[in-house]
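Undergrad: Handing you a structure now.
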Amino acid sequence: MGTRSFIAKQIGDDQYLTIFCHFDGHPEDNGATLVQHYNTPEQVDALLALGDLYYLREEIAPAPGVPHEHDSAQPGVTIAYQRDEGWTGCEAKIMALEEIDDPGLDGVEFTYIFSSDGQWLYFPTGEAECGIRNVKADLDADTVQYGAFYTEFEEKLGLADDEPDELQKDITLTQIQGGMM
C-alpha cells in the first residue's frame, strides 16, 4: 500500500512548488531520503523538475541506455511518472499551504517542504495548524509525528495496544479508506 506524500519547495509567501509521490511517504522513508540526499536548493530544484513521482530514491538520474521504470527499476534511482512511465500532466504545481494541507486531496498523508532557509519541514496532512516540524530534528530525536487519522482509527478498531501483522494493517486501512489504494 502506498503512503502518499507531497514534496514541495517554498518559493514565496504561501507559495510552494509541489510534486506528488505515491510510495514511501513516511518520515523514516521519504523524509530521511530528502534530508540525506536532497539538501541543497539545486538538488531540490532538480527533483521537482521531474514532476510527480512513483517513488523517491537516493539518485535522480538513471544510467543511460538501461531500462528504468517501476517494473524494471535501477536500484536506488527515483522513478518519475513523466520521464520513466511516459505519463503527461505530472509537472510540479504551485500550491498554497491550505491546498497542500487538504486531507482529502489524493490521499496524501504527509507533506515535506524545503524551506527558504534550507531545512526540510513536514506535517501529517490535515495537521499543519498543529505545527510544521523539522524532519531531521524529529528523525534524530526519534519523535516523528504521525497523523491523528491513524491513531483515531486504530483506537476504534482496538488496534492501539496490539501490533497487527502487516497484512492485517493493509486490510484494515483498506477498509477504513473505503477500498481505495
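Undergrad: Looking at (1) among the hydrophobic types (A, V, I, L, M, F, W, C); (2) over 20 Å from Ser115 (Cα atoms); (3) loosely packed, with under 15 Cβ neighbours inside 10 Å, which is the one condition that is false for Ile60?
TA: Of (1) among the hydrophobic types (A, V, I, L, M, F, W, C); (2) over 20 Å from Ser115 (Cα atoms); (3) loosely packed, with under 15 Cβ neighbours inside 10 Å, only one is false for Ile60: (3).
Undergrad: Contact list please: Cβ distance under 8 Å, first residue in the range 20-43 and within 15 Å of Gly2 (Cβ to Cβ), second residue of a type in the set (Ser, Thr, Tyr) and assigned to a loop (DSSP other than H, G, I, E, B), pairs at least six apart or on different chains.
TA: Pairs found: Phe23/Thr3; Asp24/Thr3; Gly25/Thr3; His26/Thr3; Asp29/Thr3.
Undergrad: Residues that are farther than 21 Å from His37 by Cα: list the helices (runs of 4 or more DSSP H) wholly contained in the range 57-156 that include at least 2 such residues.
TA: 81-85, 97-100, 148-156
Undergrad: If you don't mind, there's one more thing I want to ask. Answer yes or no: is there a residue in the range 68-76 that is touching a residue at least 24 places away in the same chain (Cβ under 8 Å) and either in contact with a Phe, Trp or Tyr (Cβ under 8 Å, 6 or more places away or on another chain) or surrounded by 14 or more Cβ atoms within 10 Å (Cβ to Cβ) (or both).
TA: Checking the range 68-76: not a single residue is touching a residue at least 24 places away in the same chain (Cβ under 8 Å) and either in contact with a Phe, Trp or Tyr (Cβ under 8 Å, 6 or more places away or on another chain) or surrounded by 14 or more Cβ atoms within 10 Å (Cβ to Cβ) (or both).
Undergrad: In the range 1-52, what residues are of a type outside the set (Gly, Ala, Ser) and part of a strand (DSSP E or B)?
TA: Phe6, Ile7, Lys9, Gln10, Ile11, Gln15, Tyr16, Leu17, Thr18, Ile19, Phe20, Cys21
Undergrad: Tell me, which residue of the range 130-144 that is of a type in the set (D, E, K, R) and without any contact (Cβ under 8 Å) to a residue 12 or more places away in the chain is surrounded by the fewest Cβ atoms within 10 Å (Cβ to Cβ)?
TA: The extreme case among them is Asp142.
Undergrad: In addition: Cβ-Cβ under 8 Å, sequence separation 6+ or interchain: first residue in the range 101-114 and surrounded by 20 or more Cβ atoms within 10 Å (Cβ to Cβ), partner of a type in the set (S, T, N, Q) and in a loop (DSSP other than H, G, I, E, B). Which pairs?
TA: Within 8 Å, the pairs are Asp101/Thr125; Val108/Thr125; Glu109/Thr3; Glu109/Thr125; Phe110/Thr3; Phe110/Thr125; Thr111/Thr125.
Just so you know, all these numbers are worked out from the coordinates, no wet-lab data involved. Owing to the predicted nature of the structure, the values given are computational and were not obtained by experimental measurement. Please note: Cβ atoms are built from the backbone with ideal geometry, for glycine as well, and neighbour counts cover all protein chains shown.
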